[in-house]
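Worksheet: the structure to be examined is printed underneath.
The values are calculated or read from the model by the stated rules, or taken from the named source; none is laboratory data. This one's a predicted model, so the numbers in the text were calculated from it and none came from an experiment. Positions of Cβ are generated from backbone atoms using ideal geometry, with glycine treated the same way; all protein chains shown enter the neighbour counts.
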Amino acid sequence: MLDSLGNNVRTDMKPWEMKRFFEVYQGISDPQIPQKVLENSEEGMLYVPEETNGAGYILLPRGDTYDRIRELFKSII
């Protein structure tokens, strides 16, 4: 899978960690994994800054704080 994504994905996971993660995932009989999308719509938690200082296209958290995003993930876990 990572070969198909090429240089578009970065991770610090070791190959054995990825393998173990996949094994654990396969062992879950009915994975009810919630899906959440972080987006920059009017209701979204992200916004596109006016100035990116040459960083290309980036999204930042609304209010320039990650508090709402942290709370979202805490509610999932």
Practice item. Go through the residues of region 13-27 one by one and say whether even a single one is aromatic (F, W, Y) and over 18 Å from the mean Cα position of the chain (by Cα). Key: yes
Check your understanding: Within the set of pairs 6+ apart or on separate chains, which have a first residue in region 55-76 that is closer than 14 Å to G44 by Cβ, a second that is in a helix (DSSP H, G or I) and modelled with pLDDT of 90 or more, and C-beta atoms under 6 Å apart?
Key -> P61/I69
Study note, to complete from the structure: Of those in region 13-50 that are of a type in the set (S, T, Y) and modelled with pLDDT under 90, the residue farthest from D64 (Cα to Cα) is S29
